[in-house]
Amino acid sequence: MTAASPPLKDELDIVIPTIRNLDFLEMWRPFFEPYHLIIVQDGDPTKTIQVPSGFDYELYNRNDINKILGPRASCISFKDSACRCFGYMVSKKKYIFTIDDDCFVANDPSGTQINALQQHIKNLLCPSTPLFFNTLYDPFREGADFVRGYPFSLREGVPTAISHGLWLNIPDYDAPTQLVKPRERNTRYVDTVLTIPKGTLFPMCGMNLAFDRDLIGPAMYFGLMGDGQPIGRYDDMWAGWCCKVICDHLGLGIKTGLPYIYHSKASNPFVNLRKEYKGIFWQEDIIPFFQNLVLSKECTTVQKCYIEMSKEVKEKLGKIDPYFDKLADAMVTWIEAWDELNPAKAS
């Protein structure tokens with residue numbers, strides 16, 4: 001008798017941005033080895049990155065990105081983990097799981113290793129319930145259901161576009177919080193998956209994240225960050241705000257909670273503060289912008305939503321700083337590059 005095939009083995013790519021050898025994959029081997037990896041090498045393209053043997057992978061460095069995208073490569077960030085979104089674009093699979101190279105396998109309270117990928121797949125393959133909150137959390141989990149008073153007309157839920165996982169050990173804090181609480185560690189394992197309600201934004205972290213490329217892929221652009229840009233560490237946040245508004249508009253869901261990974265090392269808070277400094281001020285305008293953004297009924301695809309959003313970014317956020325004009329242009333370039341590499345399937 002043959003062992004059961006891992007779930008979605010031929011329908012999912014694992015995308016990893018890195019500047020270093022990928023020794024961390026050894027710990028993930030039991031869970032990742034059956035899947036195809038897309039490694040996006042940031043920084044110096046002449047450096048050789050070592051990948052443990054036995055993994056099926058393709059690796060892209062900056063030279064490859066320039067060759068594949070030509071002048072449109074300008075929309076892919078350099079010297080920032082935002083470069084990972086190039087992997088989303090070149091993937092040919094329906095699902096993506098992305099993880100950082102300082103994230104290890106976590107243990108649940110019983111001491112069992114957590115297969116984060118398997119939990120993300122469960123989250124993505126079950127509906128979300130953004131239109132009405134279920135007080136027993138995810139009604140599709142074993143041992144739970146819709147509670148009394150939950151409208152039967154809404155119990156089908158909506159397709160899940162994004163599964164947002166969390167982290168034990170080093171929490172994903174901004175620089176001011178890191179500086180105030182340098183020794184704080186997250187040891188609380190909360191055994192819960194929630195659908196983020198419609199109309200509510202959230203801070204999306206890209207280090208333990210999965211999504212349905214067919215449903216939301218073109219909106220998973222991690223912006224212009226890092227080298228030559230006035231801001232960093234807002235790449236996943238930007239993508240999260242864009243995706244949430246588009247998911248709400250198109251009737252899609254986003255889940256957060258399980259799975260946990262073990263985040264092993266804290267980044268330097270002083271370096272982070274330099275990267276985040278402008279974003280900390282700008283987000284006070286960016287958040288209300290997204291909260292008030294209403295997409296027109298002509299926006300029936302993710303691409304149409306994203307292009308309309310880019311125009312709003314230019315018009316409303318361009319007043320804050322010229323960076324947002326540049327970002328709005330890059331959003332359009334990203335969609336052009338996405339469509340070129342992913343021609344629409346004939347219906």
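Side notes on the structure shown:
- Residue-level analysis places K93 among those that are under 23 Å from P7 (Cβ atoms), more than 15 Å from the chain's Cα centre (by Cα) and basic (K, R).
- Residue pairs meeting the criteria (Cβ under 6 Å; at least 6 apart or on separate chains; first open to solvent by 50 Å² or more (accessible area, probe 1.4 Å), in the range 156-185; second of a type in the set (S, T, N, Q)): R185/N169
- Among the residues of the range 71-127, the ones that are closer than 30 Å to A344 by Cβ and in a helix (DSSP H, G or I) come to 22 in all.
- Any hit, the range 28-39, residues being of a type in the set (V, I, T) and in a loop (DSSP other than H, G, I, E, B): no
- Among the residues making up the range 242-251, those that are open to solvent by less than 20 Å² (accessible area, probe 1.4 Å) and either more than 30 Å from V105 (Cβ to Cβ) or outside any helix (DSSP H, G or I) (or both) are C242, V245, I246.
- Test: residue in the range 48-55 that is hydroxyl-bearing (S, T, Y) and either modelled with pLDDT of 95 or more or at positive phi (or both): yes
- Residues in the range 311-322 include none that are of a type in the set (A, V, I, L, M), modelled with pLDDT under 95 and buried (at least 17 other Cβ atoms within 10 Å of the Cβ).
- When the residues of the range 191-222 are filtered to those that are in a helix (DSSP H, G or I) and out of contact with any Phe, Trp or Tyr (no Cβ under 9 Å at 6 or more places or on another chain), the one that is nearest to L327 (Cα to Cα) is I216.
- Check on D138, closer than 21 Å to H263 by Cβ and either touching a residue at least 24 places away in the same chain (Cβ under 8 Å) or touching a Lys or Arg at 6+ places or on another chain (Cβ under 9 Å) (or both): no
- Filtered residue count, the range 51-61, keeping only those that are farther than 24 Å from A344 by Cβ and in contact with a helix residue (DSSP H, G or I) (Cβ under 8 Å, 6 or more places away or on another chain): 4
- Set D236, D285: member being part of a helix (DSSP H, G or I), at pLDDT 95 or above, among the acidic types (D, E) and farther than 25 Å from V158 by Cα: D285
- Counted residues, the range 261-282 - those being open to solvent by less than 80 Å² (accessible area, probe 1.4 Å), at pLDDT 95 or above and hydroxyl-bearing (S, T, Y): 1
- Count of residues meeting criterion [open to solvent by less than 50 Å² (accessible area, probe 1.4 Å) and over 16 Å from W241 (Cβ atoms)] in the range 287-298: 1
- Hits in the range 186-199 (condition: open to solvent by 60 Å² or more (accessible area, probe 1.4 Å) and either under 14 Å from L258 (Cβ atoms) or within 17 Å of the chain's Cα centre (by Cα) (or both)): R188, Y189, V190, D191
- Close contacts from the range 8-36, counting a first residue that is closer than 16 Å to Q50 by Cβ and a second that is open to solvent by 40 Å² or more (accessible area, probe 1.4 Å) and part of a loop (DSSP other than H, G, I, E, B), with Cβ to Cβ under 6 Å and a gap of 6+ residues or different chains, come to N21/Q50.
The values are calculated or read from the model by the stated rules, or taken from the named source; none is laboratory data. The model shown is predicted, which means the values in this text are computed figures rather than measured ones. Positions of Cβ are backbone-derived with ideal geometry, glycine not excepted, and every protein chain shown enters the neighbour counts. What goes into the accessible areas is simple: the full protein's heavy atoms, side chains included, and nothing from ligands, DNA or RNA. Shrake-Rupley method; radii C 1.70, N 1.55, O 1.52, S 1.80 Å.
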